1. Hey, how many Å between the Cα centroid of segment 225-287 and the Cα centroid of segment 116-140?
2. Roughly how tilted is helix 350-362, in degrees to the nearest 10 and between 0 and 90, from the longest Cα axis of the chain?
3. Starting from 0.36 nm per residue, how many nanometres of slack lie between Lys189 and Ser202 once their C-alpha separation is accounted for?
4. As I understand it, the value is the acute angle between the Cα axis of helix 456-467 and the longest principal axis of the Cα atoms of the chain; what does it come to in degrees, rounded to 10?
5. Enter the Cα centre distance for the pair segment 63-104 and segment 318-390, rounded to the nearest angstrom.
6. Of the accessible area of the chain, with the probe set at 1.4 angstrom, what percent is carbon plus sulfur?
7. Please give the net charge around Asp76, taking every other residue with its beta carbon less than 12 angstrom from that of Asp76, where Lys and Arg add +1 and Asp and Glu add -1.
8. Could you name the lysines in cross-link range of Lys98, using Cα to Cα under 19 Å and dropping any fewer than eight places away on the same chain?
Amino acid sequence: MKTLRLILGDQLSESFATLVDINPTRDVVMLCEVVEEATYVPHHPKKIAFLFSAMRHFAEALRARGITVHYVTLDDPQNTGDFTGEVQRALTLTGAEKVIVTEPGEYRLQQLFNGWLESFTVPVEIRRDDRFLCTAQQFADWAAGKKQLRMEFFYREMRKRYGILLEANGKPVGGQWNFDKENRKPPKKGLRGPKRLSHKKSAITQEVLALVQARFGDHFGDLLPFHFAVTRAQALAELEHFITELLPQFGDYQDAMVKGEPYLYHSLISAYLNAGLLLPLEICQRAEAAYTAGLAPLNAVEGFIRQILGWREFVRGLYWLHMPRYAQLNYLQAREALPAFYWGAPTQMACIRETIQHTREHAYSHHIQRLMVTGNFALLAGILPEEVCAWYLAVYADAYEWVELPNTLGMALFGDGGILASKPYAASGKYIQRMSNYCQDCAYDPEVTTGPNACPFNSLYWDFMARHEDKFRGNQRMPYVYGTWAKMGPEKQRAIRAQAADVLTRMREGRL
Ligand code: FAD
Ligand code: DLZ
Ligand code: SF4
């Protein structure tokens, strides 16, 4: 039976479930650039260009294997602008009698695909996405009956399941599962990240860049310069570069932040991994091989593997376990509108300015910037989760709801009330001062909590704790916070809370 096989922009793996049993002389693979996907949040132009170029290169790779590809560009005058319209049109054009898709990465599209089972006149088959190392069902089975779900225990199970960094007797290599304590070094003076790869722009990429500039040039973010990998071969080169040149230092400076250094020793592979150009197991095994060959220390390799085998699979499991309810959660009843400085309006806070600048230029900022700068500010200031999540989904090249939402709502905002994290990742300016060199160039002083030059994070931190005392006082992982707060006495407490109120006023008025 002639079959139409739909591949989404983040399903670009040749070994993908949709393609495994393809009959190249009979079936048609379809990819489509649709305005609905490009605008359901105002994606960063680099993200759109990366995906469109990667989709077009993927189509070329399939054609080179003799597969018939129906590729719809965004500027095709017949383009209906959404997946349903395009699949219906392709069915008519190709005469296909069946549709095969693989489950998508976002709940809204899962609902759409489920609707097709009823609404299409031809049969629709929805396959399981086997690129992840833990299926939604396996995660649900692991979660069943547990009062609390913690990444660390999930991760140990995954290490055992895949035999990664495991001795023959089943014990973890190096005698412990987690070497995180060795991975929190502040930046040493003059710390710089090595030069990163820059991929030559093919004719396909040039064409996509012109299209994206014309259609989405008004979205937040710089389209140029554009250095992204857009093929599997280039993504593999990125992985290899990371493993050989950067992995040895990855652990040490994982949490460090340095002015003018968006990447430091981070891998930059998330956009490629999430779009399907790289696969999680091959990455973990490559990192493990580097350790076995003596090319990288265990703290770095274990820390890196934990992010992929642990965190990445864990957040995906939580997403599918709790959607659609998860997206509605607002445990801390945060209500403030997202400040304009997230979209590039001026701010005197050097840490925010720097993180937004990296985001604008690269559609990237690293984990600690996302969590402890922009995320932490939104948490402390009580910004509406819906607006924060839409921002993260739009501005990062690696963002899809399955991974963005648990990280933002759960990890950064504690909006899920502790489903993901056992305590809020709330921190004052002192943390940013310790882990970065941002404060040196700031109009504010991280050592000061009240007064005109006080770091806004400081008063907001204490105000946050005071506002939510009923929720956090009993938290075992926050033993000293309320003791310190109490010791300050009513007068100091009042001054700090008045300062926080003033910070929020300045934030609302665009004067922070
Ligand atoms: P590295 O630091 O080199 O880490 C290696 C890999 O581990 C990453 O490529 C990624 O695949 C994986 N990883 C690390 N941490 C996480 C995590 N917490 N969750 C899932 N995977 C992880 N990651 C996304 O892929 N997409 C998102 O939309 C996204 N949104 C985030 C929003 C917030 C508020 C926060 C705090 C984190 C978010 N993350 C997201 C996780 C993490 O910040 C990025 O994966 C990482 O910064 C990507 O850069 P890298 O490839 O250089 O990662
Ligand atoms: C993010 C994105 C964008 C910007 N554009 C497209 C597109 O035009 N066509 C497409 O197939 N996919 C696109 N994507 C990726 C989808 O949004 C992604 O597949 C879903 O969010 C599910 O994860
Ligand atoms: Fe950020 Fe405060 Fe440091 Fe300024 S002083 S960079 S606002 S932490």
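The values are calculated or read from the model by the stated rules, or taken from the named source; none is laboratory data. Values in this document were obtained by computation on a predicted structure and should not be read as measured data. Here the Cβ is made from the backbone with ideal geometry for all residues, glycine too, and neighbour counts use every protein chain on show. These area figures cover heavy atoms from the full protein model, side chains too; ligands, DNA and RNA do not enter into them. Shrake-Rupley method; radii C 1.70, N 1.55, O 1.52, S 1.80 Å.
1. 29
2. Around 10 degrees separate the two axes.
3. Values: separation 13, 0.36 × 13 = 4.68 nm, distance 3.88 nm.
The span from Lys189 to Ser202 would gain 0.8 nm if fully extended.
4. 90
5. Measuring centre to centre over Cα atoms gives 35 Å.
6. 51
7. That sum, taken over residues with Cβ under 12 Å, equals -2.
8. Lys2
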